[in-house]
Each structure stands twice: as C-alpha cells, then as structure tokens.
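Everything on this sheet refers to the single structure shown next.
The values are calculated or read from the model by the stated rules, or taken from the named source; none is laboratory data. All values derive from a computational prediction rather than experimental measurement. Virtual Cβ from ideal backbone geometry, glycine too; neighbours counted across all protein chains shown.
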C-alpha cells in the first residue's frame, strides 16, 4: 500500500496511506487492529484538513467535469477521507478500536459490499393501508 500516492497539496498525509483500504470491511479490519493511540493520531492529523479536502474535491470535480475523470491520487484521498469517518467512530463515539458489544469485523459485512444488494426490494417505511 505504500506505493499509493496523494495529490500534491496533501502528500504530507501519505504516512497514513495504509488507512486507505478499498472497502469498508477492510478499513474496519484495519482500524480494529490498531491501538487507540494510533487511531487518535490519524484522526488528529486528518480532521483539521477535512474542510479543505472537501473544497479540493469540489474544485477537482468542477475542473474535470465528472468524478469518473479524477486522478488516482484524488481517489486515494477520497478513500482516506472515508477512513477518517471510520476513525471518528472510534474517537468520538466508541472510545475503542472496536464497537463495544458489536460484531467483530470478520463476522460483519456491510450490505453494500455483498453480492446482489442492488436487487433487494426497496424498504417501505409506510406500507399502503389494507383495503377495507
């Protein structure tokens, strides 16, 4: 993973590139195998830059015209921002690398990472009332 790069304005964050796992399950596994000190270090390094990174994404999309056209470095930065949200759960909510009383990463699979999830029927919050 060390071969991954970030866009020039954010290359100083490349020391955290191992957090940029390709999917949520892998990022969860990575986080759960770290100490709270390591998670806090990443969080503290990334969080102050989040607003600027979001503005960077807006500028890149406006320049390139589509999110499909952005560079690999920008995509890596996007995944690193997703990892920041994963770290934030540990720092701000759980105060732990794991979800207390939650399922371990190797048992839990995000629904959007399972085969066929797009074919599931839509959930109806307010079913139609039965005809009287």
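Picking from residues in segment 26-37 that are buried (at least 16 other Cβ atoms within 10 Å of the Cβ) and in a helix (DSSP H, G or I), the one that is nearest to the chain's Cα centre (by Cα) is 27.
In this structure, residue 40 does satisfy being at pLDDT 95 or above and in a helix (DSSP H, G or I). Within segment 1-16, can you find the residues that are in contact with a helix residue (DSSP H, G or I) (Cβ under 7 Å, 6 or more places away or on another chain) and outside any loop (DSSP other than H, G, I, E, B)? Residues satisfying the conditions are 9, 10, 13, 16.
The combined condition, being surrounded by fewer than 10 Cβ atoms within 10 Å (Cβ to Cβ), out of contact with any strand residue (DSSP E or B) (no Cβ under 6 Å at 6 or more places or on another chain) and either in a helix (DSSP H, G or I) or modelled with pLDDT of 65 or more (or both), is fulfilled by residue 118. The residue that is nearest to residue 13 (Cα to Cα), among those in segment 38-59 that are touching a residue at least 40 places away in the same chain (Cβ under 8 Å) and surrounded by 15 or more Cβ atoms within 10 Å (Cβ to Cβ), is 46. Do we have residue 84 as assigned to a loop (DSSP other than H, G, I, E, B), at pLDDT 85 or above and under 17 Å from residue 15 (Cα atoms) here? No.
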